[in-house]
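The values are calculated or read from the model by the stated rules, or taken from the named source; none is laboratory data. The structure presented is a predicted model; accordingly, all values stated were derived computationally and were not measured. Cβ coordinates were reconstructed from backbone atoms using ideal geometry, including for glycine residues, and neighbour counts include every protein chain displayed. For accessibility, only protein heavy atoms count, side chains too; no ligands or nucleic acids. Shrake-Rupley method; radii C 1.70, N 1.55, O 1.52, S 1.80 Å.
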Amino acid sequence: MQEEKQKTRISKDSLRQILKLYKYIKPFQTTFGIGLIFLILSSLANLAFPLLLGQLIDRETEDVFLDDIDQYALLLLAVLLAQAIFSFMRVKLFVNVTEGALASLRQETYRHLIQLPITFFNQRRVGELNSRISSDITQLQETMTTTLAELIRQTIIIVGGIGLMAYTSWKLTLFTLAILPAMVVVAVFFGRFIRKYSKKFQAEVAESNTIVEESLQGIYNVKAFANEFLEVARYSKKTDSVAKTGIKGGTYRAAFSAFMIVGVFGAIVAVIWRAATMIQEGDLDNGSLFSFILYCVFIGGSMAGFADVVARIQKAIGATEELMDILNEEKEDLTPTPNPITNFKGNIHFDNVTFAYPTRAETNVIKNLSLEIKSGEQVALVGPSGAGKSTLVQLVLRFFEPTSGRLSFDGKPATEYGLSELRNQMAVVPQDVLLFGGSIRENIAYGKPDASESEIIEAAKKANAWVFISDFSEGLDTIVGERGVQLSGGQRQRIAIARAVLKDPCILILDEATSALDSESERLVQDALDKLMVGRTSIVIAHRLATVRSSDKIVVIENGELVESGTHTELSSKEEGLYKQLSSMQFTD
Ligand SMILES: Nc1ncnc2c1ncn2[C@@H]1O[C@H](COP(=O)(O)OP(=O)(O)OP(=O)(O)O)[C@@H](O)[C@H]1O
């Protein structure tokens, strides 16, 4: 049902989508225009051949404009040469336009993608998005450099060819055209089928790429669970299905080509039969027939190729639609506000906040929660797994907006601040630190891209990271490996702390690592964190209650609700309290 609906609406929509691509070609429209002229010229030169050859043969009988065989040969050679030059120029100019246009399309897609809200990324897989930027754009590249030119060239040859055929003999042309429409109907019918398969094929290829990407990204998990062969089986199943779809689509394309061949050659046989009759009756001469047959071959060839061109363009439309899906997604509003934040204190106030993730709108994950975190206060969030601690932090970062209730900073509603400006006042030290593939220096400077060498070293020292960095022979220039694999968990954590030190935020969000570090490493990390928290509003998602005893306030969350809050001493004295229960469980473990 869904599919049918998409199909009927697709032509209008897809045209509109393709037109949106014009925006990227616009800056190069002069080059594109000149390229088009060369394309038209080379196609016209192509069409001149049959005409000249026909005249060469009929030189004796017809009134032709040259009377010497050698002159005709020279003229044909000149046309050939001109065609070669036109083709060269056309390809060169089209490639220039395409590369320029695609670079800006790539940039805009990425720029848009990275500004989309977290909700979007919760719903899409990274592999799929990656494939949008790589394979869909490559698809467009082929279309814009060759397919589009082919389409125009073949259209000129078909239309111009028919015109010249009519000039040679309109009677024979009418006869030929009588056979054509039947072929066109079948061609359109087939074209639809091919399109369906190419879209399905593309989607399946993207899914199979996702398997490779996800399993390689999570290679530790794959190996630790000894699931190599499970992944192989998963990938094989998907690629087998890709092959099946490809083969099915290929069969349709093959059938299409076969049909076109029978159609075209059948038509030529019929035309020759008709022409022979006309020659017998004195209605046609040999040279004209020669030109006519050549036009038929040209047009037939173009028509046969036309199906393939149309199929390729349909593929490109599929790719464009997928890309436009991303470009049509609404971005986060990252434009700076007219009143930049000054003198931010870092007071946070949740006022009766209720929240459900957009992907699971029916389940409230935070329920009527009110919480006041004062500037400079250290607050620990504790509670059972799935209680909503990370969700609260994501609300503070404004990755999501409350469904109802209000979040405010320094007494002003969160929505009145610019998103980037607000987030610039915060730093996060996550549980699972993800480093970028570059050097330690780049990774620390991520907190402040314009930081000087001495600021970076200072931050590393404060984060207790300088101890191990200075031990590496390359120092700050040590490459951390993709996603930081060449560093230990504790080292990665300290680099993340150095990043936060450099950013010097007002609000600090710490997601305590659950993975146990060895005690020396843990001491260094904890010590760095303790220093970092001084003088800032800090929210710690605490998994080990031992680390939060000294917090100004411990907030206990259960099932999305705030059930208790107070200092360690206060909460420990509540015999029936959840905190008391949780801590007795941890300490008897
Ligand atoms: N992106 C999401 N979309 C939909 N539901 C989510 C999403 N993230 C978390 N949830 C759900 O929200 C609830 C709260 O999750 P949250 O991650 O905030 O808990 P938590 O207290 O931080 O747990 P943990 O201590 O295990 O990290 C859970 O039931 C979880 O399944």
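Pick from ARG441, ARG483: which is at pLDDT 85 or above and either open to solvent by 50 Å² or more (accessible area, probe 1.4 Å) or outside any helix (DSSP H, G or I) (or both)? Even if it seems obvious, please write down each step before you answer.
Working: ARG483 fails: at pLDDT 85 or above.
Being at pLDDT 85 or above and either open to solvent by 50 Å² or more (accessible area, probe 1.4 Å) or outside any helix (DSSP H, G or I) (or both) holds for just one of ARG441, ARG483, which is ARG441.
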For GLY282: the one exception among (1) at negative phi; (2) open to solvent by 50 Å² or more (accessible area, probe 1.4 Å); (3) not hydroxyl-bearing (Ser, Thr, Tyr): (1)
Of the residues in segment 93-121, those that are in contact (Cβ under 8 Å) with a residue 60 or more places away in the chain and of a type in the set (S, T, N, Q) come to ASN96, SER104, THR109, GLN115, THR119
By residue number, the members of segment 456-473 that are under 20 Å from GLN493 (Cβ atoms) and either open to solvent by 50 Å² or more (accessible area, probe 1.4 Å) or polar (S, T, N, Q) (or both) are GLU458, LYS461, LYS462, ASN464, TRP466, VAL467, SER470, ASP471, PHE472
Helices (runs of 4 or more DSSP H) within segment 489-577 that include 2 or more residues away from the ligand (no atom under 16 Å from the Cβ) and more than 30 Å from ILE444 (Cα to Cα): 568-572
All helices (runs of 4 or more DSSP H) inside segment 122-177 with 2 or more residues being free of Cβ contacts under 8 Å to residues at least 12 places away in the same chain: 148-168
Considering only residues that are among the polar types (S, T, N, Q) and open to solvent by 70 Å² or more (accessible area, probe 1.4 Å), which ones fall in segment 230-255? THR251
Quick one: which strands (runs of 3 or more DSSP E) lie wholly within segment 343-386 and hold at least 1 residues that are more than 10 Å from the ligand (Cβ to nearest atom) and surrounded by fewer than 15 Cβ atoms within 10 Å (Cβ to Cβ)? 348-355, 366-373
Looking at segment 131-148, can you tell me whether even one residue there is at pLDDT 85 or above, surrounded by 15 or more Cβ atoms within 10 Å (Cβ to Cβ) and among the acidic types (Asp, Glu)? no
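Sort through ASN328, ASN339 and tell me the only one that's more than 16 Å from the ligand (Cβ to nearest atom), modelled with pLDDT under 80, open to solvent by 50 Å² or more (accessible area, probe 1.4 Å) and farther than 30 Å from GLY54 by Cα.
ASN339
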Could you check how many residues of segment 548-589 are among the polar types (S, T, N, Q), open to solvent by less than 40 Å² (accessible area, probe 1.4 Å) and closer than 13 Å to LEU381 by Cβ? 1
When segment 437-452 is examined, which residues are found to be free of Cβ contacts under 8 Å to residues at least 12 places away in the same chain and either touching a strand residue (DSSP E or B) at 6+ places or on another chain (Cβ under 6 Å) or not polar (S, T, N, Q) (or both)? GLU442, PRO449, ASP450
Quick test of your reading of the structure: SER408 fulfils all but one of (1) touching a His at 6+ places or on another chain (Cβ under 6 Å); (2) within 17 Å of VAL501 (Cα to Cα). Name the failing condition by number. (2)
Given the conditions (1) at pLDDT below 85; (2) more than 41 Å from the chain's Cα centre (by Cα), every one holds for VAL184 apart from (2)
The one condition MET303 fails out of (1) in a helix (DSSP H, G or I); (2) surrounded by 13 or more Cβ atoms within 10 Å (Cβ to Cβ); (3) at pLDDT 80 or above is (3)
